[in-house]
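This report concerns only the one structure given below.
The values are calculated or read from the model by the stated rules, or taken from the named source; none is laboratory data. Bear in mind the structure is a predicted one, so any value in this text is a computation, not a measurement. No Cβ is skipped: glycine too gets one built from the backbone with ideal geometry, and neighbour counts run over all protein chains shown.
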Amino acid sequence: MATLTTNKNFLSPVGFQFKISSNQYPNLEYFAVAATLPGVNMSATQTPYKGVNLQFTGDRLAFEDLSLRVNVTENLENYIETFDWLHSIAQSKNSEELKVDATLLILSSHNNVVKEVEFKGVFPTSLSPIDFDAQAESIQYVQMDITFSYTNFEFK
């Protein structure tokens, strides 16, 4: 039987940090401004029986993509970092070696880590375009969206 939480504070959407291999991808980690904790789905299994489909619990989880938004540095270091990672995966004979682990740290209202979400086998699958516009009325710094696939995630 579940028990009612003793912490009545609500989760703040601005309280997070994203950690990924800082030796290989330091600019993704440092300049991350938004992350999406992916959804998880489990399809029910249908079994035909006497003119109806009976629903049984599924046995496989389907994970949605991990999304990250990053401020782009002036010299495009983090864009190039991600581009090179994608390029390396496409050209590698053993692209499994290019997967890394990443962690989404969930922070409390006092900026203390309250939960860690560990993603295993992370690799980028898409990199958003960058728009340049000389007619913009104000400067809005460039951001890029990166979509990642992964093997699994778990809460620590």
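When the stretch 35-56 is examined, which residues are found to be closer than 30 Å to ILE80 by Cα, in a strand (DSSP E or B) and without any contact (Cβ under 8 Å) to a residue 60 or more places away in the chain?
THR36
One residue is enough: does the stretch 78-95 have a residue meeting the conditions of a type in the set (Phe, Trp, Tyr) and part of a strand (DSSP E or B)?
no
If a residue has to be touching a strand residue (DSSP E or B) at 6+ places or on another chain (Cβ under 8 Å) and part of a helix (DSSP H, G or I) to count, how many in the stretch 15-34 make the cut?
3
Answer yes or no: is there a residue in the stretch 57-71 that is of a type in the set (S, T, N, Q), in a strand (DSSP E or B) and surrounded by 14 or more Cβ atoms within 10 Å (Cβ to Cβ).
Checking the stretch 57-71: at least one residue is of a type in the set (S, T, N, Q), in a strand (DSSP E or B) and surrounded by 14 or more Cβ atoms within 10 Å (Cβ to Cβ).
I need every pair where a residue in the stretch 12-25 that is buried (at least 16 other Cβ atoms within 10 Å of the Cβ) has its Cβ under 8 Å from the Cβ of a residue that is modelled with pLDDT under 85 and among the small types (Gly, Ala, Ser), sequence separation at least 6 or different chains.
GLY15/SER109
Output yes when any residue across the stretch 31-44 is touching a Leu at 6+ places or on another chain (Cβ under 9 Å), β-branched (Val, Ile, Thr) and surrounded by fewer than 13 Cβ atoms within 10 Å (Cβ to Cβ), and no when none is.
Among the residues of the stretch 31-44, at least one is touching a Leu at 6+ places or on another chain (Cβ under 9 Å), β-branched (Val, Ile, Thr) and surrounded by fewer than 13 Cβ atoms within 10 Å (Cβ to Cβ), which makes the answer yes.
Across the stretch 72-89, what is the total count of residues that are surrounded by fewer than 16 Cβ atoms within 10 Å (Cβ to Cβ), touching a helix residue (DSSP H, G or I) at 6+ places or on another chain (Cβ under 8 Å) and in contact (Cβ under 8 Å) with a residue 40 or more places away in the chain?
Matching residues across the stretch 72-89 total 1.
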